[in-house]
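J.: Sharing a structure with you now.
The values are calculated or read from the model by the stated rules, or taken from the named source; none is laboratory data. All of these numbers come straight from a predicted model, not from anything done at the bench. Every residue, glycine among them, receives a Cβ derived from its backbone with ideal geometry; neighbour counts consider all protein chains shown. When the accessible area is computed, the model is the full protein with side chains, heavy atoms only, and any ligands, DNA or RNA have been set aside. Shrake-Rupley method; radii C 1.70, N 1.55, O 1.52, S 1.80 Å.
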Amino acid sequence: MMKSFLCLLYCSALLLSDVLATYHHGAVDPHMIAAQSYAQTRNNGRPPTRTLNPAKTESQCRSRPLDLVFIIDSSRSVRPGEFEKVKIFLADMVDTLDVGADATRVAVVNYASTVKIEFLLKHHFNKPDMKKAISRIEPLAAGTMTGLAIKTAVNDAFTEPSGARPRSRKISKVAIIVTDGRPQDQVEEVSAAARATGIEIYAVGVDRADMTSLRQMASIPLEDHVFYVETYGVIEKLTSKFRETLCGLDPCAMGHDCDHICVNSNASYYCKCRNGYILNADKKTCSLKPVKVVEVVVEDPCKCEARLAFQKQTQAAIQQLTAKLADVSGRIQHLENMVGRA
C-alpha cells in the first residue's frame, strides 16, 4: 500500500514538473509573438515594392554622405547655351543633396583638351557658395580628353589633401561624368583604375555621346550607372533620377525580408533576431535557440520506501534502548536508596 502511494506521489511530481516547464517556455514575450505574427504575414504576402514619391522627396530624402565629383565636358561641341543647361543641372543637383562638411562634399572638374578643377571637395560646405562657384564656370572649348579628366579627378580631387574623407570613414566616393561626344583619348583603363580605388562612376551621355565609351567608364550594373538624354534641354530631368539613386532613405522603411529586426547599414541593410533566437544561414529568417535539456535523475520510489522503513526501524530501536536505559537508571536509583537506609 505504501509503495503504491509513493509511486503515485512520484508520478504527480513529474506531471507538475511538466506543467511548470510548459508555462515557463510557453509564456513567450509579447514582442516575440508579435514578431512571429509579422513574419508569417510577411511570408504570406508579396514584399512591398520600392517606390519613390517625387512630391515627398524634398522633405523626406536626405542623401547619404558622399564625396561627389562632377566631371563635365565643355568641349567645342557643347554650345554656350547648352553649357548653361549643364550648370543648371549641377545647381539643381546641389539643391537635392545634404551638403556639409560632415555630409556630402562636392567638387567640379571641367575638361576639354585641358582639364581644370573648378573647386575641390574642401572648398564649399554650403549650397549658396557652391552654386555661386558653379555659376562662374566657363567652357574650355577645343577637344574632349575624357580619360585625362578622369585621371585628374582621381589624382587631384579624390584625395585627402583636397578634402576627401579617409577610407576609414567609409564615405562613398562618386563621380558623375557628363559628356556629349566621343573621347579623344583612352577611357577604359583609366576608368577601371578609378573604379578599383572604390570610386563609383555614373556616365551621362547627351545627344551625340558615344554609348560604348559611356559603358566603358561606368560602374556596374550598367543599367543603373549609364544615362542618356537627347538634348541638353532635358538634362535637368535627370535630377530626380539621381535624387532617387543617391537618396539616403532608410532601406528598412522601404521594404525588407528580415524576420525580426532590420538594421540600416548606410545604403543597404542587414537582419538581426530578437533575444532567444538565432539568425539562420539565409541571413534573413530566425529560429529559436536550441534549449539544453537538463536530465533530472529521480530516485527510484522503492528506494525511498526502503529508506523510510529503515528510518522507522532505527527510531523503534532507539526507543527500545531509551526504555532500557530508563529501566536501568530506575534500578540503580532503587539500589542507592536501599544502601542508604542500611
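J.: For Leu325, state whether it is among the aliphatic types (A, V, I, L, M), at pLDDT 75 or above, over 30 Å from Glu223 (Cβ atoms) and surrounded by 10 or more Cβ atoms within 10 Å (Cβ to Cβ). Spell out the reasoning first.
T.: Details: among the aliphatic types (A, V, I, L, M): yes; at pLDDT 75 or above: yes; over 30 Å from Glu223 (Cβ atoms): yes; surrounded by 10 or more Cβ atoms within 10 Å (Cβ to Cβ): yes.
Answer is yes for this residue.
J.: State whether the residues of segment 161-174 include one that is free of Cβ contacts under 8 Å to residues at least 40 places away in the same chain and of a type in the set (Ser, Thr, Tyr). Before you say what the answer is, go through the steps one by one.
T.: Taking segment 161-174 as the starting set, the residues that turn out to be free of Cβ contacts under 8 Å to residues at least 40 places away in the same chain are 161, 166-169.
Still in the running and of a type in the set (Ser, Thr, Tyr): 168.
Yes, segment 161-174 contains at least one residue that is free of Cβ contacts under 8 Å to residues at least 40 places away in the same chain and of a type in the set (Ser, Thr, Tyr).
J.: Among the numbered conditions (1) under 22 Å from Arg76 (Cβ atoms); (2) surrounded by fewer than 13 Cβ atoms within 10 Å (Cβ to Cβ), tell me where Asp185 comes up short.
T.: It is condition (2) that Asp185 fails.
J.: Could you please give the count of residues in segment 111-132 that are within 37 Å of the chain's Cα centre (by Cα) and under 20 Å from Ile88 (Cβ atoms)? Let's see the steps before the verdict.
T.: Applying the first criterion (within 37 Å of the chain's Cα centre (by Cα)) to segment 111-132 yields 117-131.
Subset that is under 20 Å from Ile88 (Cβ atoms): 118-119, 124, 126-131.
The total comes to 9.
J.: Mind counting the residues in segment 47-69 that are modelled with pLDDT of 95 or more and touching a helix residue (DSSP H, G or I) at 6+ places or on another chain (Cβ under 6 Å)?
T.: From segment 47-69, those modelled with pLDDT of 95 or more are 67-69; that's our starting set.
Restricting the remaining residues to those that are touching a helix residue (DSSP H, G or I) at 6+ places or on another chain (Cβ under 6 Å) gives 69.
Residues that pass the stated criteria total 1.
J.: So, in segment 127-147, how many residues would count as being open to solvent by 60 Å² or more (accessible area, probe 1.4 Å), under 24 Å from Pro161 (Cβ atoms) and assigned to a loop (DSSP other than H, G, I, E, B)?
T.: Total satisfying the criteria: 1.
J.: In segment 77-99, what residues are open to solvent by 10 Å² or more (accessible area, probe 1.4 Å) and under 29 Å from the mean Cα position of the chain (by Cα)?
T.: Hits for segment 77-99 are Asp95, Thr96, Asp98, Val99.
J.: Limited to segment 102-123, what total is found for residues that are open to solvent by 40 Å² or more (accessible area, probe 1.4 Å), within 25 Å of Pro161 (Cα to Cα) and either touching a Pro at 6+ places or on another chain (Cβ under 6 Å) or not in a strand (DSSP E or B) (or both)?
T.: So the answer is 4.
J.: Of the residues Val178, Val187, which is within 17 Å of Arg215 (Cβ to Cβ), touching a Gly at 6+ places or on another chain (Cβ under 6 Å) and touching a residue at least 40 places away in the same chain (Cβ under 8 Å)? Break it down stepwise before answering.
T.: Details: Val178 fails: touching a Gly at 6+ places or on another chain (Cβ under 6 Å).
The unique qualifying residue is Val187.
J.: From Tyr269, Tyr232, Tyr202, which residue is among the aromatic types (Phe, Trp, Tyr) and at pLDDT 95 or above?
T.: Tyr202
J.: Within segment 95-124, how many residues turn out to be closer than 21 Å to Pro65 by Cα and of a type in the set (Ser, Thr, Tyr)?
T.: Going through segment 95-124 one residue at a time, the tally reaches 2.
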